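Here is the structure we will look at, set down as structure tokens.
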Amino acid sequence: MIERSEGLSWARGIKVRHLESFLVLDEAGTLTEAAARLHMTQSAMSHWLAELERVAGTPLVVRGRKVQLTPAGHLLKRLAITVLGDIARTGREMHAVAAGRVPRLNVGSVWAGIAGGLPEAVTAFQQRHADVAVSIHDGLFDDLLKGLDTRAMDAVIGVLDARAHQPQLAHRVLFDDQVSIVIGQGSKHWDSNQPLDFADVLREQWVMPPLGTLTRIQMDAYLIEQQASWLVPKAETASLAMMQALLQKGDYVGVCAESMADYMASLGLFRKVAIDSNIRFGPITVVWNREHVSATLMDFIACLKAHARGMRSAKVLEKSSA
């Protein structure tokens, strides 16, 4: 506690005006120019600097034809930039709150949501709400949902199930997703010009989501239907990044949401394997807390819904023309 008190004691004499003026001095380069910009006499400027150095307990500049910051001066400059930036940002956010707007949205999403239109929805939303920052958090749906209670999250995007039907939660379905089977550039089949189907990869090394996850449950049901329940994955991971790395570096077959498979295929990172029936993944849904709703959040949800609807229409059109 003593060390903390000593570390803060010098700062009690520092004012916001000190920090602003110090940045002006650094930019101006001379006491004369800084005094002119601050509408002070050079004598008053020199007195102010001496007082600031007394508070800091160490020289902050080397005086000469052009002032140069000492090591302590550089530390104070860093502090000034940080503090003044935080003050300005907080001021904007407080002004937004006072005007009934939300200055920041925290959105959690599973990977299917991120691939299924979330980035495009954020772009569309910020074209109308340029003053609202959007923080996007990816993770497990259950972990993200807990943030709706603590207000750490304003909205969460994931697969609709019983967890989204709590009394305090509201939800809106964005689109219906499927499960896809994919290969990456490490597969022996990557350069093949022939279409790939399930039989071609059945006896390969598989990477699947862990037991108990929705994708794995749906995939295991499909394997039973195909009389391939004997298939045991070589690796299990809930991390899309890890699955991507395995498919990129090794001869594996992977399983993921179709929205993610299509996105990764568009980047040239995955290639989809044809299957003879759909493996349902489930409806991708945006969930929010009824008690923490705002007009800004509802505008964001409208952008999510509008973009997802447009994506679904485009996909239907693409399939019908194929």
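Just to verify a result, which residue in the stretch 227-251, among those that are modelled with pLDDT under 90 and in a loop (DSSP other than H, G, I, E, B), is most open to solvent (accessible area, probe 1.4 Å)?
Ranking the qualifying residues of the stretch 227-251, first place goes to ALA238.
Given the structure, is THR213 modelled with pLDDT under 90 and either among the hydroxyl-bearing types (Ser, Thr, Tyr) or over 21 Å from SER259 (Cα atoms) (or both)?
yes
Failed condition for HIS189, given (1) in contact with a strand residue (DSSP E or B) (Cβ under 7 Å, 6 or more places away or on another chain); (2) under 18 Å from ARG290 (Cβ atoms), with all others met?
It is condition (2) that HIS189 fails.
Return the residues of the stretch 128-147 that are over 13 Å from the mean Cα position of the chain (by Cα) and closer than 24 Å to MET94 by Cβ; say none if nothing qualifies.
Scanning the stretch 128-147 gives ARG128, HIS129, ALA130, ASP131, VAL132, GLY147.
Within the set of pairs 6 or more residues apart or between chains, which connect a residue that is open to solvent by 80 Å² or more (accessible area, probe 1.4 Å) inside the stretch 41-60 to a residue that is in a helix (DSSP H, G or I) and of a type in the set (Ser, Thr, Tyr) with Cβ atoms less than 6 Å apart?
Partner pairs satisfying both residue conditions: GLN42/THR32.
Pick out, from the stretch 90-179, the strands (runs of 3 or more DSSP E) lying fully within it that include 1 or more residues that are more than 30 Å from VAL255 (Cβ to Cβ), modelled with pLDDT of 85 or more and open to solvent by less than 50 Å² (accessible area, probe 1.4 Å).
104-109, 133-138
Filter the stretch 123-148 down to the residues that are in contact (Cβ under 8 Å) with a residue 60 or more places away in the chain and either aromatic (Phe, Trp, Tyr) or touching a strand residue (DSSP E or B) at 6+ places or on another chain (Cβ under 7 Å) (or both) and list them by number.
Within the stretch 123-148, PHE125, VAL132, VAL134, LEU145, LEU148 qualify.
Does the stretch 173-186 contain any residue that is in contact with a strand residue (DSSP E or B) (Cβ under 6 Å, 6 or more places away or on another chain), farther than 19 Å from ILE279 by Cα and either aliphatic (A, V, I, L, M) or in contact (Cβ under 8 Å) with a residue 12 or more places away in the chain (or both)?
no
Taking the condition of being among the charged types (D, E, K, R) and exposed (fewer than 12 other Cβ atoms within 10 Å of the Cβ), how many residues in the stretch 67-87 meet it?
2
Got a number for residues in the stretch 252-305 being over 22 Å from LEU202 (Cβ atoms) and outside any helix (DSSP H, G or I)?
Qualifying residue count for the region: 13.
The values are calculated or read from the model by the stated rules, or taken from the named source; none is laboratory data. The structure presented is a predicted model; accordingly, all values stated were derived computationally and were not measured. All Cβ positions, even for glycine, are placed from backbone atoms using ideal geometry, and neighbour counts span all protein chains on display. Calculation scope for accessible area: heavy atoms of the full protein, side chains included, ligands and nucleic acids excluded. Shrake-Rupley method; radii C 1.70, N 1.55, O 1.52, S 1.80 Å.
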